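Have a look at the structure below, then the notes.
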Amino acid sequence: TPEKIAEKEVTLSYELIQRLMNMKNVSVYGEKTKKERNGTVSFNIKGLDSIECSQILNDEYKICTRGGWHCAYFAHKALGTHKTGAVRASFGFFNSKKDVLKLADAVFKISKSM
């Protein structure tokens, strides 16, 4: 059902947020409570452009994300990310906790190198 799909997406995004929030040099944007979540997580690694970060995730870890302003420059201006954009990870029905762990591990490794 659509409700089950949404629940899974929220659970995965919330799991990622909990992991990213505990990482030095990583900023997470948007609502951080599970109640107000959706399947999308936006973040940045300090000192790294969002598009470059997304490219590293793709090239070195085979993880597809999107870096940039996501057709929402004024939203980024409100968040304070108008100069760098943000990395966006989106979860769907066919993702699993394994995908969350892989992304969190990759972000951790990248953030340690900054």
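We did not get these values from a lab; they are worked out from the coordinates using the rules stated. The model shown is predicted, which means the values in this text are computed figures rather than measured ones. Glycine also receives a Cβ, built like all others from the backbone with ideal geometry; neighbour counts cover every protein chain displayed.
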Exercise. Using a Gaussian network model of the chain whose springs link C-alpha atoms within less than 10 Å, name the residue from N38, N25, N95 with the highest mean-square fluctuation.
Key: N95
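Could you list, in their original order, any pairs among K4/K83; K4/K77; K32/K62 whose Cα atoms are separated by more than 28 Å? Walk me through the intermediate numbers first.
Details: K4/K83 37 Å; K4/K77 34 Å; K32/K62 26 Å.
Distance filter (> 28 Å) returns K4/K83; K4/K77.
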Exercise. Take each complete run of DSSP H in the chain, measure how far its Cα atoms stretch along the helix's own axis, and keep only those covering 18 Å or more with mean Kyte-Doolittle hydropathy at least 0.5; list them.
Key: none
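Taking every eigenvalue of the Cα gyration tensor of the chain, multiplying by 5 and rooting it, what semi-axes result, largest first, whole Å?
Ellipsoid semi-axes (Å, largest first): 21, 17, 13.
Taking region 70-114, which trypsin sites (Lys or Arg not before Pro) meet the DSSP loop condition and have no more than 15 other C-beta atoms within 10 Å? All intermediate terms of the calculation are to be shown ahead of the outcome.
Numbers: sites: K77, K83, R88, K97, K98, K102, K109, K112; in loops: K83.
Taking region 70-114 and a limit of 15 other Cβ atoms within 10 Å, the loop trypsin sites (Lys or Arg not before Pro) found are K83.
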Quiz prompt | In Å, descending, principal axis extents of the Cα set of region 48-114 | solution = 33, 31, 17
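At 0.36 nm per residue, and after removing the present C-alpha to C-alpha distance, how many nm does the segment from A6 to Y73 gain when stretched out fully? Could you put the intermediate results ahead of the total?
On the way: separation 67, 0.36 × 67 = 24.12 nm, distance 2.64 nm.
Going from the current span to full extension adds 21.5 nm.
Tell me, what is the percent relative contact order of the chain, built from C-alpha pairs under 8 Å that lie six or more residues apart? Write out the running numbers ahead of the final one.
Numbers: 161 pairs, mean separation 36.0, N = 114.
Relative contact order for the chain comes out at 32 percent.
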